[in-house]
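**Student:** Supplied in structure tokens, the structure appears directly below.
The values are calculated or read from the model by the stated rules, or taken from the named source; none is laboratory data. The structure presented is a predicted model; accordingly, all values stated were derived computationally and were not measured. Because the Cβ atoms are built from the backbone with ideal geometry, glycine has one as well, and the counts that use them run over all protein chains shown. We work out accessible area using only protein heavy atoms, side chains counted, and drop any ligands, DNA or RNA first. Shrake-Rupley method; radii C 1.70, N 1.55, O 1.52, S 1.80 Å.
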Amino acid sequence: IVTGGSRGIGRAVCVALAKQGCNVVVNYCHGAEPAEQTAALCRAEGVQAVTVQADVSTAEGCKALFDAAAEAFGRVDVLVSNAGIAQQKLFTDITPEEWQRMLDVNLTGAFNLCQLVLPGMIRRKAGRILTVSSMWGQTGGSCEVHYSAAKAGLIGLTKALAKEEGPSGITVNCVAPGVIETDMMAAFTAEDKAALAEETPVGRLGTPEEVAKLLVFLAGEDAGYITGQVFGVNGGLVI
């Protein structure tokens, strides 16, 4: 299962997993067409792929997504909790509704899905859970307090769950991207992007594919001794 799989990092992860021979459940909340485009790219790699519309901010949406995945493929071996929203706003202007929505999408969805996939993983003594945080979850971002808090929560969830599930053969890891060229950057001007690139030691923005490659490695057999870790993919912006 890849949540938020219709575009950006989610799409790149879906396609990268498909290239490794994984059948893929492409979750999306809005935009059936881009989700189906992602699924088509996966099928082109010779695997099966289904799209599932579900709002992972709700327990009901997570249950519907898990049930659809189980019906399509019988079990869930890998969960990539990637779905997320962002908002730039002064802390004093954030409404209670905006705060709650940020937590529900970015953090509670991961909690709900982990609870759904873990019983099967525990029975099989195998599984990979991957969360997608942000460098702001590590350092905090001005005018993104609610986003930073939710993404920091994912890091705490990852570290704690890794300790709990390690004896069951399940690894839990987190990737914290920096400035990645995705739809979340749509509101930034070319000048803004150039300034961010200049701040980054490697001198450019990252790509969704660069994040996806690390996630796919962590989902594979070679990463069996890696758990509870937070990996920055940020061009050296945060060390």
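**Student:** Looking at the stretch 120-128, can you tell me whether even one residue there is assigned to a helix (DSSP H, G or I), open to solvent by less than 40 Å² (accessible area, probe 1.4 Å), closer than 21 Å to Gly84 by Cα and not hydrophobic (A, V, I, L, M, F, W, C)?
**Tutor:** no
**Student:** Still on this structure: Would you mind stating whether Ala59 is under 17 Å from Gly109 (Cβ atoms) and open to solvent by 40 Å² or more (accessible area, probe 1.4 Å)?
**Tutor:** Taking the combined requirement at face value, the residue satisfies it.
**Student:** Taking the options Val15, Val56, Val50, Val25, name whichever one is among the aliphatic types (A, V, I, L, M), more than 16 Å from Gly84 (Cα to Cα), under 16 Å from the mean Cα position of the chain (by Cα) and not in a helix (DSSP H, G or I). Spell out how you get there, then give the answer.
**Tutor:** On the way: Val15 fails: not in a helix (DSSP H, G or I); Val56 fails: more than 16 Å from Gly84 (Cα to Cα); Val50 fails: under 16 Å from the mean Cα position of the chain (by Cα).
Criteria check complete, one pass: Val25.
**Student:** When you look at Leu79, is it outside any loop (DSSP other than H, G, I, E, B), of a type in the set (A, V, I, L, M) and either in contact with a Gly (Cβ under 7 Å, 6 or more places away or on another chain) or open to solvent by less than 10 Å² (accessible area, probe 1.4 Å) (or both), yes or no?
**Tutor:** Yes, satisfied.
**Student:** How many of the residues in the stretch 82-98 are buried (at least 16 other Cβ atoms within 10 Å of the Cβ) and of a type in the set (A, V, I, L, M, F, W, C)?
**Tutor:** Residues in the stretch 82-98 being buried (at least 16 other Cβ atoms within 10 Å of the Cβ) and of a type in the set (A, V, I, L, M, F, W, C): 4 in total.
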